[in-house]
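Everything on this sheet refers to the single structure shown next.
Any read-out appearing in this document is the output of simple, stated calculations on the displayed coordinates, not a laboratory observation. As the structure is a computational prediction, the values presented were derived from the model and not from experiment. Here Cβ is always computed from backbone atoms with ideal geometry, including for glycine, and neighbour counts include all displayed protein chains.
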Amino acid sequence: MMDIDRRSEEVLSVYFEWLVSLVGEEWWGHTYRSLLRRFFDLEYYWTIPMDENRAEDGKMLREEFWNIFPSFYRDEVFVGPCVVLEALIGMARRVEFEVDDRPLEAIFWRMVDNLGLLGMDDEVVCEHYQAVIGEILRCWMSGLEPWTSPFWHENPNFEPLETELWYQMHGFLGKNPDFG
């Protein structure tokens, strides 16, 4: 998302807080505001064509936000690509639809854990760890390592460079039907 002026900063701040309210910034006694902010500041991209749909799932959150905060409707700050936080929440909502009995927060934080980022709470995140977070997210979005996926599972047939996130999600849910 682009940064334009003071009003845009206000809109982005309200939007970020709203996104955080969907998944919470605390999990298992740890606070993750810095990690969530990193997710918000980083553009989501994909290497597998159908994963563009995950970006669209994330951008749908903007529509929901506008329904709740109509004064920000179609604010120019929302022009631009999906960010990682939007994409992850959008994917968590897809999982929530599939598994019914798990709250969105639990699904979201399990995905963060699958990415190997649950240890990156506010107590440990510093400049060095910001770079580590960026590298893990880059590996995930580029499909470079199978362990960098929100739907990581030990599957010898799992090829992150060739498997779109929708199929990764269903493969993971097949092995973990309770997403637990």
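Calculated FRET efficiency, Asp101 and Thr31, Cβ-Cβ r, R0 35 Å, to nearest 0.05? Intermediate results must be reported in sequence, preceding the final value.
Numbers: r = 26 Å, r/R0 = 0.75.
Efficiency for this residue pair is about 0.85.
Consider a paramagnetic label point 7 Å from the Cα of Glu162 along Cα→Cβ; state which residues of region 46-65 have an amide N under 20 Å from it.
Counting backbone N atoms under 20 Å from the label point, the list is 46-52.
Calculate, for Glu123 and Glu145, the FRET efficiency according to 1/(1 + (r/R0)^6) with r their C-beta to C-beta distance and R0 41 Å; round to the nearest 0.05. Could the numbers behind the result be given before it?
Working: r = 26 Å, r/R0 = 0.63.
Once the sixth-power term is evaluated, E becomes 0.95.
I want to check the label-to-label distance for Gln130 and Glu9. Put each point 7 Å from Cα in the C-beta direction and report it in nm to one decimal.
For Gln130 paired with Glu9, the spin-label model returns 1.7 nm.
Can you list the HN-Hα couplings for region 113-126, worked out from phi with the Karplus curve (6.51, -1.76, 1.60; θ = phi - 60°), rounded to whole Hz and with x for Gly and Pro?
Result, ordered by residue: 4, 4, 6, x, 10, 5, x, 9, 7, 5, 6, 10, 5, 9 Hz.
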